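Colleague: The structure under discussion is supplied below as structure tokens; questions concerning it will follow.
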There are 2 protein chains.
Amino acid sequence: MSELLEKAKKAKAITRELAVKTTEQKNEALRKISEQLIKQMDYILTENEKDIEAGKKNGLSESLLDRLRLTKSRIQDMADALLQLVDLKDPVGEVLAEWDRPNGLKIKQVRVPLGVVGMIYEARPNVTVDASSLCLKTGNAVILRGSSSAINSNKAIVQVIHEALAQTDIPSSAVQLLEDTSRETASQMFKLNEYLDVLIPRGGAGLIKSVVENSTIPVLETGVGNCHVYIDETADKEMAIKISVNAKTQRPSVCNACETILVHSEWANKHLSELVEALQEKGVEIRGDQKVREIAPDVLEASEDDWGTEFLDLIVAMKVVDDVTEAIEHINTYGSLHSEAIISETPENVEKFFNYVDAAALYHNASTRFTDGFEFGFGAEIGISTQKLHARGPMGLPALTSTKYIVKGTGQIRN
Amino acid sequence: MSELLEKAKKAKAITRELAVKTTEQKNEALRKISEQLIKQMDYILTENEKDIEAGKKNGLSESLLDRLRLTKSRIQDMADALLQLVDLKDPVGEVLAEWDRPNGLKIKQVRVPLGVVGMIYEARPNVTVDASSLCLKTGNAVILRGSSSAINSNKAIVQVIHEALAQTDIPSSAVQLLEDTSRETASQMFKLNEYLDVLIPRGGAGLIKSVVENSTIPVLETGVGNCHVYIDETADKEMAIKISVNAKTQRPSVCNACETILVHSEWANKHLSELVEALQEKGVEIRGDQKVREIAPDVLEASEDDWGTEFLDLIVAMKVVDDVTEAIEHINTYGSLHSEAIISETPENVEKFFNYVDAAALYHNASTRFTDGFEFGFGAEIGISTQKLHARGPMGLPALTSTKYIVKGTGQIRN
């Protein structure tokens, strides 16, 4: 039997046991893992160093090496996050609805774990702790498939997790790492409907696309964001500039950062130069259409590809539009259904934007950067879903649950 | 461009328009379709007759012909169902949650349509009206892919729907039928992630399996039910027999009918003969394990396959078990996560059953036949989901919706 099949079967076998663990049993596991991460910090760092050395030999870029690198402070952050998760409400067992039928049946809908979660992710070893802890808190078993570049770090972290779990009531097969990181194994995971209830890809656009297009297991699609800020005719100048700069530059590498700014022509005539200047002061490269370049000639020329690109960098595309309708059309054509903002003092335009833009999160007079489980107040984040089924937008712990109906009768039969 | 691609693009193009149609506009469309179905009854029946004739020539079984056949009373039922749907609450626009953040952001989660629904179904032409009307009410566009055996009926019904929609504010491309019913077209639908938001298969186990195993579009999996009734040691004799007979015989061809009865050995020693007799009186063929046959020697011998079979007929498998734990193990091994019942007067066994059986609906002292959108009080039913993501159990109108977050600010940026 392949490693994947063996581990998937083990995971499936304990799902019902995990589903009935108490909140306190699960929290105790989170506390022990937190403790153990600190105790074994040196061991994890030594193993991580092996990955870093191999990465350097293989010519990984500095930014990839940075994602791969663990430090004392990063491990401390991971340990702290585990303790924060302890304080969050356990969604399992929550009663979502309860009602009686005329025939006397009492119906109750309660939250239950999904079962087995398959996690496919790239370099960052912190995802190993993050995914494991979120799954543990929600009573799910998890199969982790990280990248080969992080294999030593991931093995060390999972060993530490297993040592911690050995001191608790949670079986160690609740968290399993695939040591075989071949593409073939990932492809086999895509079709393992019998054992895996959901696949969650975490990483770049290529990884996510590959999972979505090949998996027959339900996927929680996260991560890709080609987000827009639309500055309407009546937008307050200062606010529009402040929000555009924040959405683009506060953290350019993340999915809720702005990639294209759309500007109403009247507003552009009055204030576009100032907007361009403010962005350039922050080191942003601007790629504009013809009209933008008429007002700001030092701006580069945008290509058709730029409208559809998630730059994840200090680059922004910029276009002048005639009205909110053109802005909406542009967003619905090129956007990724993630986060879209309108800056405006015209209520009917805001309403139109809210109604006609198809995206997980829509903003009026605020930065797209707020699309985030913590910023929304969820206290944890599985990811930001850009799909429409199951969960959309920032996903908190309930996104890792399903429900069952409990029906109590006194001998009712159907007529 | 293929018919499929052309129609999928048309559907996608009108999703935002459909999303903002008012409840009254959508209800008017439902009323007009209802009216038109009655007016054009003769035309539909004539076209249906062509399918019936062709079916006879092709040697379709009497039960398949029955599913294919439309009658005046069946069309009247379809028209009546449309008017019942008018009275149901429109889920689109419903505010699911609303809260303020410490930074002053006001967040609201509202229901929106899914977008484009792909419906793949077998012989029954009534699904054409059913799926179209549920999608219309929830602001979704639908692409219908029925079977070739019902093509004349389906074309006639969709023509009637289009004539009705022409009198309303709903564009006719909200409902489109694929006239090409080849397997290739269905396979192409499985991969049309760019245009279709969800696929819903309606039909036999083979069809559903094929869609689930091949579609990369999210699927709402419905329909297959290998359901059990477990009679515990303390079960009331009359109640246990009444519920078993009801769950098996009241409508054996549906997914929530019981396929295996598990009986506690103590109860079996006292009452099994009576249970067997009651079932046999209703014409049920019983296939029992060794212990059942020791008590009731005229019962046939069960094969291993019988435990996993959805008979959909007056056949039931029967097994004697030692306790509730063995019953739970059996159900979790062979069941299809649909509907499972325990008949018992021992609260801790009921609790154990509720906790450890993994299924969409669990019953205590009631028939499995109640797993149904109408019996649950939802007023409509898209199907009964046996998957864990998005929706589980009987699905009402909200299962055809997604959500979006609407965030209102006053210039907030992220620090």
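Colleague: Kindly indicate whether any position in the stretch A:263-286 is within 19 Å of A:Gly335 (Cα to Cα), away from chain B (no Cβ under 14 Å) and surrounded by fewer than 23 Cβ atoms within 10 Å (Cβ to Cβ).
Modeller: Among the residues of the stretch A:263-286, at least one is within 19 Å of A:Gly335 (Cα to Cα), away from chain B (no Cβ under 14 Å) and surrounded by fewer than 23 Cβ atoms within 10 Å (Cβ to Cβ), which makes the answer yes.
For (1) touching a Lys or Arg at 6+ places or on another chain (Cβ under 7 Å); (2) within 30 Å of B:Arg251 (Cα to Cα), each residue gets a yes or a no:
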{"site": "B:Ser132", "(1), (2)": "no, yes"}
{"site": "B:Lys137", "(1), (2)": "yes, yes"}
{"site": "B:Ser147", "(1), (2)": "no, yes"}
{"site": "B:Val160", "(1), (2)": "no, no"}
{"site": "B:Leu192", "(1), (2)": "no, no"}
{"site": "B:Leu199", "(1), (2)": "no, yes"}
{"site": "B:Gly204", "(1), (2)": "no, yes"}
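Colleague: Might you check whether a residue that is closer than 21 Å to A:Asp358 by Cα, away from chain A (no Cβ under 14 Å), outside any helix (DSSP H, G or I) and not hydroxyl-bearing (Ser, Thr, Tyr) occurs anywhere in the stretch B:81-90?
Modeller: yes
Colleague: In the list B:Ala123, B:Ala156, B:Ala81, which residue meets the criterion of being touching a residue at least 40 places away in the same chain (Cβ under 8 Å), touching a Leu at 6+ places or on another chain (Cβ under 7 Å) and either open to solvent by less than 10 Å² (accessible area, probe 1.4 Å) or in the same structural domain as B:Thr403 (by TED's automatic domain parsing) (or both)?
Modeller: B:Ala123
Colleague: Test B:Thr325 against the criterion of being free of Cβ contacts under 8 Å to residues at least 40 places away in the same chain, of a type outside the set (Lys, Arg) and within 14 Å of chain A (Cβ to nearest Cβ), and give yes or no. I'd like the intermediate steps shown before the answer.
Modeller: Values: free of Cβ contacts under 8 Å to residues at least 40 places away in the same chain: yes; of a type outside the set (Lys, Arg): yes; within 14 Å of chain A (Cβ to nearest Cβ): yes.
Criteria met by B:Thr325.
Colleague: Can you tell me which residue within the stretch B:5-44, out of those that are in contact with a strand residue (DSSP E or B) (Cβ under 8 Å, 6 or more places away or on another chain) and in a helix (DSSP H, G or I), is surrounded by the most Cβ atoms within 10 Å (Cβ to Cβ)?
Modeller: B:Ala11
Colleague: When you scan the stretch A:88-109, how many residues do you find that are open to solvent by 80 Å² or more (accessible area, probe 1.4 Å) and either on the phi > 0 side of the Ramachandran plot or without any contact (Cβ under 8 Å) to a residue 12 or more places away in the chain (or both)?
Modeller: 3
Colleague: How about the stretch B:180-276: which strands (runs of 3 or more DSSP E) wholly inside it have at least 3 residues that are within 18 Å of the chain's Cα centre (by Cα)?
Modeller: B:198-202
Colleague: How many residues does the stretch B:218-234 contain that are open to solvent by less than 10 Å² (accessible area, probe 1.4 Å) and either over 18 Å from B:Pro347 (Cα atoms) or of a type in the set (Gly, Ala, Ser) (or both)?
Modeller: Final tally of qualifying residues: 6.
Colleague: Looking at the stretch B:210-238 only, could you name the residues that are in contact with a Pro (Cβ under 9 Å, 6 or more places away or on another chain), within 10 Å of chain A (Cβ to nearest Cβ) and farther than 25 Å from B:Ile328 by Cα? Explain how you work it out, then say what you get.
Modeller: Keep residues of the stretch B:210-238 that are in contact with a Pro (Cβ under 9 Å, 6 or more places away or on another chain), which gives B:210-212, B:215, B:218-223.
Restricting the remaining residues to those that are within 10 Å of chain A (Cβ to nearest Cβ) gives B:211-212, B:215, B:218-221.
Selection gives B:Val211, B:Val212, B:Ser215, B:Pro218, B:Val219, B:Leu220.
Colleague: Please specify each residue of the stretch B:131-153 satisfying the condition of being farther than 19 Å from B:Val117 by Cβ and surrounded by fewer than 24 Cβ atoms within 10 Å (Cβ to Cβ).
Modeller: B:Ser148, B:Ser149, B:Ile151, B:Asn152
Colleague: Now, a different point. Does B:Ile170 meet the test of being at negative phi, crowded, with 24+ Cβ neighbours inside 10 Å and out of contact with any strand residue (DSSP E or B) (no Cβ under 6 Å at 6 or more places or on another chain)?
Modeller: Spelling it out, B:Ile170 is indeed at negative phi, crowded, with 24+ Cβ neighbours inside 10 Å and out of contact with any strand residue (DSSP E or B) (no Cβ under 6 Å at 6 or more places or on another chain).
Colleague: How do the pairs read when you match residues in the stretch B:355-376 that are within 7 Å of chain A (Cβ to nearest Cβ) and free of Cβ contacts under 8 Å to residues at least 12 places away in the same chain with residues anywhere that are outside any strand (DSSP E or B) and open to solvent by 10 Å² or more (accessible area, probe 1.4 Å), using Cβ under 6 Å and keeping only pairs 6 or more apart or on different chains?
Modeller: Short answer, once both residue conditions are applied: B:Asn355/A:Val20.
Colleague: Scan the stretch A:308-333 residue by residue and report those that are among the small types (Gly, Ala, Ser) and at positive phi.
Modeller: Within the stretch A:308-333, none qualify.
Colleague: Also, quick follow-up: Out of all the residues in the stretch B:91-111, is one or more outside any helix (DSSP H, G or I) and under 20 Å from the mean Cα position of the chain (by Cα)?
Modeller: yes
Colleague: Sticking with this structure for a sec: Out of all the residues in the stretch B:60-76, is one or more touching a residue at least 60 places away in the same chain (Cβ under 8 Å) and open to solvent by 40 Å² or more (accessible area, probe 1.4 Å)? Even if it seems obvious, please write down each step before you answer.
Modeller: Of all residues in the stretch B:60-76, those touching a residue at least 60 places away in the same chain (Cβ under 8 Å) come to B:60, B:64, B:68, B:70.
Those left that are additionally open to solvent by 40 Å² or more (accessible area, probe 1.4 Å): B:60, B:64.
Yes, there is a match, as at least one residue in the stretch B:60-76 is touching a residue at least 60 places away in the same chain (Cβ under 8 Å) and open to solvent by 40 Å² or more (accessible area, probe 1.4 Å).
Colleague: Is it the case, given these coordinates, that A:Gly55 is open to solvent by less than 60 Å² (accessible area, probe 1.4 Å) and on the phi > 0 side of the Ramachandran plot? Can you show your working first?
Modeller: Details: open to solvent by less than 60 Å² (accessible area, probe 1.4 Å): yes; on the phi > 0 side of the Ramachandran plot: no.
Answer is no for this residue.
Colleague: Just checking, which of B:Val175, B:Val229 is of a type in the set (Val, Ile, Thr) and under 27 Å from B:Ala141 (Cβ atoms)?
Modeller: Just one listed residue meets the conditions, B:Val175.
Colleague: Inside the stretch B:339-348, can you point out the residues that are away from chain A (no Cβ under 11 Å) and closer than 23 Å to B:Asp289 by Cα?
Modeller: B:Ser344
Colleague: Something else now. Pull up the stretch B:393-415, narrow it to residues that are at the interface with chain A (Cβ under 7 Å from one of its Cβ atoms) and among the β-branched types (Val, Ile, Thr), then point me to the one that is nearest to B:Glu221 (Cα to Cα).
Modeller: B:Thr403
Colleague: Restricting the search to the stretch B:235-261, which residues are open to solvent by 20 Å² or more (accessible area, probe 1.4 Å) and of a type in the set (Asp, Glu)?
Modeller: Across the stretch B:235-261, the qualifying residues are B:Asp236, B:Glu238.
The values are calculated or read from the model by the stated rules, or taken from the named source; none is laboratory data. As the structure is a computational prediction, the values presented were derived from the model and not from experiment. Positions of Cβ are backbone-derived with ideal geometry, glycine not excepted, and every protein chain shown enters the neighbour counts. The protein model used for the area step is the full one, side chains on, heavy atoms only, and it has no ligands, DNA or RNA in it. Shrake-Rupley method; radii C 1.70, N 1.55, O 1.52, S 1.80 Å.
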